[in-house]
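Data first, discussion second: the structure below is written as structure tokens.
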Amino acid sequence: MPRLPRADRAADASLLAGLALADPQAADAFVRRFQGAVFGLALSITRDPGLAEDVSQEVFVKAWRAADSYDIRRASVLTWLLTITRNTAIDAVRARRPVPTDGEFLDQLVEDTLGSPDLAETTAHRLETERAVQRLHQLSPSQARAVVLAVVGGCTAREVSEREQIPLGTAKTRIRDGLQRLRAAYAGSDPEEVIP
């Protein structure tokens, strides 16, 4: 992203200062200037126009509340505002995602996914499921559990960390490495040896 000239950064900061003071004209000008960029980023993350509109409104409210904390030396107003947009949009997507919280359900989900498939569905579906389960079994048990909890169970890395009673970094590594190995297996390359 090209750096804005100092005059543009100062003009944007002045609009933000007017927003902080609840100046209606400055607030209108601020929203008009940044609404396209905010909505565009929100839409690219949420992929839902209605949700992107909600996120955009929330972003401008957050900007109004946090306007006093803005520091022109650290970033342009646009960069600052897009950071707020990104975080708000990600939070909105996570909040809408169905995440099972029942421990027994998650245990059953892991067992069913990693257990022997006993499906009465079509042959093609059964074969693909068996291949997926075989690829999961090529991972270490701890990696496979982390991948199943994250991908099938919809858990975040933090939730996997808490559920498996492991450090957050370890949970992230198991999920990332497990998914990379599964992608390599699907692409036809040889998976590495089992990683704990």
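Below, the figures for the structure above:
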| quantity | calculated |
| --- | --- |
| Of all residues making up the stretch 45-59, the number that are modelled with pLDDT of 85 or more and either among the small types (Gly, Ala, Ser) or surrounded by fewer than 19 Cβ atoms within 10 Å (Cβ to Cβ) (or both) | 10 |
| Residue match in the stretch 115-134 (condition: of a type in the set (Gly, Ala, Ser), at pLDDT 70 or above, assigned to a loop (DSSP other than H, G, I, E, B) and out of contact with any Leu (no Cβ under 7 Å at 6 or more places or on another chain)) | no |
| Close pairs from the stretch 29-40: first within 12 Å of LEU78 (Cβ to Cβ), partner open to solvent by less than 40 Å² (accessible area, probe 1.4 Å) and among the charged types (D, E, K, R), Cβ under 9 Å, at least 6 apart | PHE30/ASP12; ARG33/ASP12; PHE34/ASP12 |
| Subset of the stretch 60-85 (residues that are in contact (Cβ under 8 Å) with a residue 40 or more places away in the chain, open to solvent by 30 Å² or more (accessible area, probe 1.4 Å) and hydroxyl-bearing (Ser, Thr, Tyr)) | TYR70, THR79 |
| So ALA150, is it small (Gly, Ala, Ser), in contact with a helix residue (DSSP H, G or I) (Cβ under 9 Å, 6 or more places away or on another chain) and at pLDDT 85 or above | no |
| Any chance SER44 is hydroxyl-bearing (Ser, Thr, Tyr), under 16 Å from ILE90 (Cβ atoms) and out of contact with any helix residue (DSSP H, G or I) (no Cβ under 8 Å at 6 or more places or on another chain) | yes |
| Flag for ARG131 being more than 20 Å from ARG94 (Cβ to Cβ) and of a type outside the set (Gly, Ala, Ser) | yes |
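The values are calculated or read from the model by the stated rules, or taken from the named source; none is laboratory data. The model shown is predicted, which means the values in this text are computed figures rather than measured ones. Using ideal geometry, Cβ is built from the backbone for each residue, glycine included, and neighbour counts are taken over all protein chains shown. Just so you know, the surface numbers come from the protein's heavy atoms only, side chains and all, with ligands and any DNA or RNA stripped out. Shrake-Rupley method; radii C 1.70, N 1.55, O 1.52, S 1.80 Å.
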